[in-house]
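All remarks here apply to the structure that follows.
The values are calculated or read from the model by the stated rules, or taken from the named source; none is laboratory data. Worth saying up front: this structure is predicted, and the values here are computed from it rather than measured. Here the Cβ positions follow ideal geometry from the backbone for every residue, glycine too, while neighbour counts run over all protein chains shown.
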Amino acid sequence: MAKIYFIGAGPGDPELITIKGQRLIGEADVVIYAGSLVNPEILKYARKDAAIYNSAMMNLDEVLQVELETLKKGQVVARVHTGDPAIYGAIQEQMDGLRKAGIKDEVMEVIPGVSSFLATAAALKQEYTLPNVSQTIIVTRMEGRTPMPAKEKLYMLAQHQATMCIFLSVQGIDVVMSQLKEGGYPGDTPVAIVVRATWPDQRIIRGTIDTIAEIIHKEGVVRQAMIVVSHVLNSDYELSKLYDSQFTTMFRDGTDKK
């Protein structure tokens, strides 16, 4: 039966794809993967006779053509994106293009994956939401060839001083840090940058808003890096109420037995 699966392949480590995503790649007649970011090791899950396409070499029309031709044959497509396809995955335009071509929604299914901003937290061994420090995570990017909506400029988002996970922006690190300071972050706010999270050559680089740009230039990092800006990276915090011995939940009496 014709089916297309938009699969999040995870941040890099081929074992961080979901069990379902791995299985569906193995069942697909055609695999289209984002070769600029997806670890090619993911392709080991594909059938030996599956047709493999690297979408890094294709435009949207070419991708849609392969998807439509495969579906018209009654076959299965695994469209494999890095991380989670819902974040900067460019899947909406594909699904809308398929709909315009007459493909029904029941033929399409999205399989979530582990986003790189979550893999970055794991690499840092860091929780993004610490009591009395930050309870909000802003996932964003700097403005580039893709413009930002007027109310989503970095300096405006920075006014919240929440935990910020900034994608696709390390190449403009000077501008990013300048805009964060303009928005109100102090210059000594901690910054952590994880390069190629979960890949064998993963690197962690730390600094502050005032120092990180110079460090990144010296390191020569220009792509595949997540920028995390937050006081959670270097701050005292209150313990969670969830496990507080005085805190009552539906599962536990909050009376301290000591």
Positions within the range 28-53 being touching a strand residue (DSSP E or B) at 6+ places or on another chain (Cβ under 6 Å) and outside any loop (DSSP other than H, G, I, E, B), in sequence order: VAL30, VAL31, ILE32, TYR33, ALA51, ILE52, TYR53
Looking only at the range 87-117, and only at residues there that are part of a helix (DSSP H, G or I) and without any contact (Cβ under 8 Å) to a residue 12 or more places away in the chain, the one that is farthest from VAL194 (Cα to Cα): LYS100
Long-range neighbours under 9 Å by Cβ, at least six apart or interchain, first residue closer than 20 Å to ASN39 by Cα within the range 52-69, second hydroxyl-bearing (Ser, Thr, Tyr) and assigned to a helix (DSSP H, G or I): VAL63/SER55
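Of all the residues that make up the range 1-23, how many are more than 21 Å from the chain's Cα centre (by Cα) and in contact (Cβ under 8 Å) with a residue 60 or more places away in the chain?
So the answer is 4.
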Residue satisfying condition, being closer than 19 Å to ARG196 by Cα and at pLDDT 95 or above, within set ASP49, ASP84, ASP61: ASP84
Scan of the range 161-173 for residues that are aliphatic (A, V, I, L, M) and surrounded by 19 or more Cβ atoms within 10 Å (Cβ to Cβ), ordered by number: ALA162, MET164, ILE166, VAL170, ILE173
Failed criterion for ARG79 (all others in (1) surrounded by fewer than 16 Cβ atoms within 10 Å (Cβ to Cβ); (2) within 27 Å of LYS44 (Cα to Cα) hold): (1)
Members of the range 127-155 found to be hydroxyl-bearing (Ser, Thr, Tyr), exposed (fewer than 13 other Cβ atoms within 10 Å of the Cβ) and more than 21 Å from VAL222 (Cβ to Cβ), listed by number: THR136
Selection from the range 191-238 of residues that are over 15 Å from ASP174 (Cα atoms), crowded, with 18+ Cβ neighbours inside 10 Å and either free of Cβ contacts under 8 Å to residues at least 60 places away in the same chain or acidic (Asp, Glu) (or both): VAL195, ILE205
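Okay, residues lined up against (1) modelled with pLDDT of 95 or more; (2) within 19 Å of the chain's Cα centre (by Cα); (3) among the β-branched types (Val, Ile, Thr):
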{"residue": "PRO149", "(1), (2), (3)": "no, no, no"}
{"residue": "LEU157", "(1), (2), (3)": "yes, yes, no"}
{"residue": "SER169", "(1), (2), (3)": "yes, yes, no"}
{"residue": "GLY172", "(1), (2), (3)": "yes, yes, no"}
{"residue": "VAL195", "(1), (2), (3)": "yes, yes, yes"}
Residue identified as buried (at least 20 other Cβ atoms within 10 Å of the Cβ) and in contact with a helix residue (DSSP H, G or I) (Cβ under 7 Å, 6 or more places away or on another chain) among ALA121, ALA101, ALA158: ALA158
Top-ranked residue of the range 104-117 - restricted to ones that are under 21 Å from the mean Cα position of the chain (by Cα) and surrounded by fewer than 20 Cβ atoms within 10 Å (Cβ to Cβ), ranked as farthest from PRO11 (Cα to Cα): GLU109
Qualifying position, being farther than 19 Å from SER115 by Cβ, buried (at least 20 other Cβ atoms within 10 Å of the Cβ) and not hydrophobic (A, V, I, L, M, F, W, C), among GLU62, GLU67: GLU67
Among the candidates GLY35, GLY26, GLY8, residue that is surrounded by fewer than 16 Cβ atoms within 10 Å (Cβ to Cβ) and either within 25 Å of VAL107 (Cβ to Cβ) or touching a Pro at 6+ places or on another chain (Cβ under 9 Å) (or both): GLY26
